Amino acid sequence: MEYRIDDLAREAKTTTRNVRAYQERGLLPPPTLRGRVGIYGDDHLTRLKVIDSLLQRGFTSAHIADFLSGWEQGKDLEEILGLQEIVTRKWSSAETTVIPVDLIAQFLGEDNDVIVTRLIEAKLIRIDGDQCEILDPTLLEVFVDLSQYGFTLEQLLDQHERTASKMNAIAESMVGSVTDHLISQHGPGWLPKSGEVAETTEMFEKMRALAMKSAQAELARALDRVQEQALSDYLSQTLSRQNDQ
């Protein structure tokens, strides 16, 4: 994903002043220039979050700079890029779509401020001037389809938020298991040596696959169980009412 400096700072929960300061100190690579506009990427976002996290833990800018440069210089560049790609790669891969804000207003109706705010907070859309970037068009298409059956957007957003909160807990558990494993194997503060980067990269990739397959498979099985039970209960109650009449 691409970010202007304001978007990057907002995503990282920091300030544009900090972003510029980190660049000046050599902690954050400069953006790609398009005309006079600097464009940042996901690598910038990940690095920015790491820098902020280390600063909050009491490390100085000089310590962080020495740590980053020293570690990178001691590793094979291709291995570093491979590990960085695995660790920082977005697991979600939805293609975004940009439309005029007016179209969103037409779809949601006149009193849409609350819904728009909820869509933004859920990171489903992003407003930039008179443009609206739909961050997950497929999901919003499902919302539109279900609204034809009488579901309101409030109901669908409620369900999405409940699902997202549970997914966060699952993701924290999955990532935590990797962290715990690395600490148990190598101790706190460990970083892979040159010959260990490829193996660590492969381990991250396989844990990604396990996380995705486990979540998808268990959700599918849970839906089968719950749907079957709900249908059975509904039919039983319906037949009981008919017999009572």
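List of remarks:
- Proximal lysine pairs, the chain, alpha carbons under 25 Å, eight or more residues apart or interchain: 23
- Dipole check for the chain: with +1 at the C-beta of Lys and Arg, -1 at the C-beta of Asp and Glu, and the Cα centre as origin, the magnitude is about 740 Debye.
- Angle in degrees between helix 153-186 and the longest Cα principal axis of the chain, rounded to the nearest 10: 40
- Residue order, fewest to most surrounding Cβ atoms within 10 angstrom, among HIS160, HIS63: HIS63, HIS160
- When ARG47, ARG20 are arranged by Cβ crowding within 10 Å, least crowded first, meaning fewest neighbours, the order is ARG20, ARG47.
- Listed residues LEU33, ILE104, ALA164: farthest to the positive end of the dipole of the chain (Cβ charges): LEU33
- Acute angle (nearest 10 degrees) that the helix 197-244 long axis makes with the longest principal axis of the chain, alpha-carbon atoms: 10
- On Cα atoms only, tilt of 61-73 relative to the major axis of the chain in degrees: 90
- Dividing the summed -39500 (n - 2.57) terms of all DSSP H runs of n ≥ 4 by the residue count of the chain sets its mean residue ellipticity at 222 nm at -22500 deg cm²/dmol.
- Tensor-based shape of segment 88-245 (alpha-carbon gyration tensor, a/c under 1.5 rounded, otherwise prolate or oblate): oblate
- Packing rank of 216-224, 127-135, where each peptide gets the mean count of other beta carbons within 10 Å, highest leading: 127-135, 216-224
- Remark: segment 5-73 carries a charge dipole of roughly 220 debye about the Cα centre, counting +1 on each Lys and Arg Cβ and -1 on each Asp and Glu Cβ.
No lab work stands behind these numbers, since they all come straight from the coordinates. Keep in mind that what you see is a predicted model, and the values were worked out from it rather than measured. Note that we place each Cβ from the backbone using ideal geometry, even for glycine, and neighbour counts take in every protein chain shown.
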